[in-house]
1. Please report Rg (one decimal) and Dmax (integer) in Å for the Cα set of segment 200-322.
2. How large is the charge dipole for segment 202-273, taken about the Cα centre, if only the Cβ atoms of Lys, Arg (+1) and Asp, Glu (-1) carry charge, to the nearest 20 debye?
3. Using the Karplus curve 6.51 cos²θ - 1.76 cosθ + 1.60 with θ = phi - 60°, work out ³J(HN,Hα) for each residue of segment 226-242 in order, rounded to whole Hz, and write x for Gly and Pro.
4. Karplus couplings for segment 82-87 from phi (6.51 cos²θ - 1.76 cosθ + 1.60, θ = phi - 60°), rounded to Hz, Gly and Pro as x?
5. Based on Cβ point charges of +1 for Lys and Arg and -1 for Asp and Glu, what charge dipole magnitude is obtained for the chain about its Cα centre, in debye rounded to the nearest 20?
6. Would you mind pulling out the separation of the Cα centroids of segment 104-139 and segment 152-203, in Å?
7. With the full set of protein chains in place, find how many percent of the accessible area of the chain is carbon and sulfur; take the probe as 1.4 Å.
8. Give me the accessible area per residue for the chain, probe 1.4 Å, as a whole number in Å².
Amino acid sequence: MTEAAPFSPLARRSVTHETVDQLATKYRTWGQWGADDELGSANYVTPERLVAAAQLVRTGTTFSLSLPMDVTGPMHGPSSRVNPQHQMLMTAHDSLPGPVRYNDDAVYMPLQSSTQWDSLAHVFYNGEGYNGRGIDTVGVVSGVSANSITALRRHAVGRGVLLDLARFYDRDALEPGACIQAEDLEACAQAQGVDVGEGDWVLVRTGQMAQHRNAGSWGDYAGGSAPGLGVSAADFLCSRRVAGVASDTWGLEALPYETADLYSPLHIILLVNAGIYIGEMWDLDALAEDCADNKVYEFFLAAPPLPITGAVASPINPIAIK
């Protein structure tokens, strides 16, 4: 028998295209809830689990986990994504004269330019998306006709669990490129005294957002080298049948990727095959401080997307309630 390799925290691994394919097939849930299913892993959030999650509210303390949605956001550099642009359409200065005056405004923003959910239509792999949907479901103007973010609009609620990897490893922030593997998630959960189970929404804190905020500049936060989940994290998340996973980084996965020949390997496994939702750019710092203070790392989470027809992502203002 070959002796198992010792656990090496946050170690990068050489992962092949074939390994990703094997994990994608292993954790594929296509057809599990029927051929027409567009909800994916959020099906695990049953009414019974919601009732249980509601019991986690003990003090009524709330935490907004969203970045401010404005021009000071992290979208910089060569990208089709820009920061949210807010504009006044009418102000009390120039509305109709009289005792009652009003303001109207508008916003332009790519749907993935701030705190957000990826829908199950965000990624296709070898021409297929979640539940075997083909790229013919994507309209250039209309958006997607299957697996849109609207499927999640009343289901992104339930038990939230914070795994504070930065604090667990006693660091302000994990180093760029550090890979959070299945063993890291398991060790962190055990140290925090919290179990991760079916239907949970798992929040992973690397400290990278706080690091850039404290530095006073976003720098290469959007798309640069970053700590994040390694490919093996799929073993931890998929085996526990979580509903979704979110982090305080731009892309959830460790950058550079562990796969030299494949872009976004974990997105392929989680979104396309397991139907697990991915959240990015979540502000977890205040919540993490409270969890560390009272040693309670579970809470009720409400994070519904905007019901934008045909959209493949949505900005959100997630609320954790303890």
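The values are calculated or read from the model by the stated rules, or taken from the named source; none is laboratory data. Every value quoted in this text rests on a predicted model; they were computed, and no experiment measured them. Here the Cβ is made from the backbone with ideal geometry for all residues, glycine too, and neighbour counts use every protein chain on show. The accessibility values were calculated without ligands, DNA or RNA, using every heavy atom of the protein model including side chains. Shrake-Rupley method; radii C 1.70, N 1.55, O 1.52, S 1.80 Å.
1. Computed over the Cα atoms of segment 200-322, radius of gyration and Dmax are 14.8, 44 Å.
2. With Lys and Arg at +1 and Asp and Glu at -1, about 320 debye.
3. Per residue, the Karplus-derived 3J(HN,Hα) values read 8, x, x, 6, x, 4, 5, 4, 4, 5, 5, 6, 6, 5, 8, 6, 6 Hz.
4. 10, 5, x, 10, 9, 9
5. 540
6. Result: 24 Å between the Cα centres.
7. Numbers: 7840 of 14640 Å².
About 54 percent, which is the carbon plus sulfur part of the accessible surface.
8. So the chain comes to 45 Å² accessible per residue, rounded to a whole number.
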